[in-house]
């Protein structure tokens, strides 16, 4: 490689690495005291192997160039993990001490160690990037803005909290389609998607950084302005979601029917947040496949029940997601609603959604589907077989989806 060093490239890359610092900051205030100063990624490298692969693809590295970059990355990765692991062990010991002794001063020591480590990790990143960019040719350096964009997108996607907002269509296509199912014209669509969604994500992040820090005070001093910021933030997030959905549908339309359907199904599954978890009935149906001693007719009937159930459940999932996304867009957080004297939804789970709300009606339809399917299974399987399947699927208690009532953007 030609030796072309660009200090601006290092700065640009670090800027891309830090586009969404709110993720780690959020983790600092969640959970118990013993883990209050760091998240799971605090002591790990921020440059990942996937990102190095992205660099190689966009910069069109030759095999020997790629090998040199991978070797450089592996040395950096090992160094960060070794130093970060040592700091983590120190913090873990201090955390245990703080919890057992209940001394605030020890917690402050943890904060200082984490802050010092983060500065050290940034120094290691700068050195890695300086060494990497020193390897680039002039032509490769000129392609760096594309690298920057491709690294920025997944990091900004991590800041999503609305359904469908955080789905990276480029990654979704890579995860879902085989190489044989990926026609060349899809690359142009993915490039156009990447440009459009990058613009929307950068604007969403700019607005978040400009106004999120003032929301707590605005709720007290000017709740109407706080509500305006919330609505603007939601509009930014809906724009990202709509871009994701529009482009994934356009891409699916250019694929073979089976591959297109599989891509859309994968997208819809990722729109279903965890509250739409696998139900006990789904678990029963999966387990029923392995029931022994069934006649050919019984097994055929069982397969038909499962096929019809999956088809109906998929349609209800789409209906539920649509209702939930509208609910997300319209809901006013409790903090702002109280400040404005607006009616406040009591509690922070879906248990308090009105009975006539589309979201609640969709969930009731799902309950009816599950119970009807259970009766159909009971006509195919024996009572003992059903009891055995039910035992496997039972969970203790129930699961509730908790809503965030804070005035976050």
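Tell me, please, whether a residue that is exposed (fewer than 15 other Cβ atoms within 10 Å of the Cβ) and touching a residue at least 24 places away in the same chain (Cβ under 8 Å) can be found in segment 101-109. Taking every residue of segment 101-109 in turn, none turns out to be exposed (fewer than 15 other Cβ atoms within 10 Å of the Cβ) and touching a residue at least 24 places away in the same chain (Cβ under 8 Å). Looking at 66, 46, just one residue is assigned to a helix (DSSP H, G or I), touching a helix residue (DSSP H, G or I) at 6+ places or on another chain (Cβ under 8 Å) and surrounded by 14 or more Cβ atoms within 10 Å (Cβ to Cβ), and that residue is 66.
A single entry from 368, 319, 300 fulfils the requirement of being at pLDDT below 90 and not in a loop (DSSP other than H, G, I, E, B): 319.
A quick yes/no check of all residues on (1) surrounded by fewer than 18 Cβ atoms within 10 Å (Cβ to Cβ); (2) free of Cβ contacts under 8 Å to residues at least 60 places away in the same chain; (3) on the phi < 0 side of the Ramachandran plot; (4) in the same structural domain as residue 380 (by TED's automatic domain parsing):
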position	(1), (2), (3), (4)
241	no, no, yes, no
252	no, yes, yes, no
265	yes, yes, yes, no
279	yes, no, yes, yes
289	yes, yes, yes, yes
298	yes, no, yes, yes
304	yes, yes, yes, yes
321	no, no, yes, yes
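The values are calculated or read from the model by the stated rules, or taken from the named source; none is laboratory data. Values in this document were obtained by computation on a predicted structure and should not be read as measured data. Here Cβ is always computed from backbone atoms with ideal geometry, including for glycine, and neighbour counts include all displayed protein chains.
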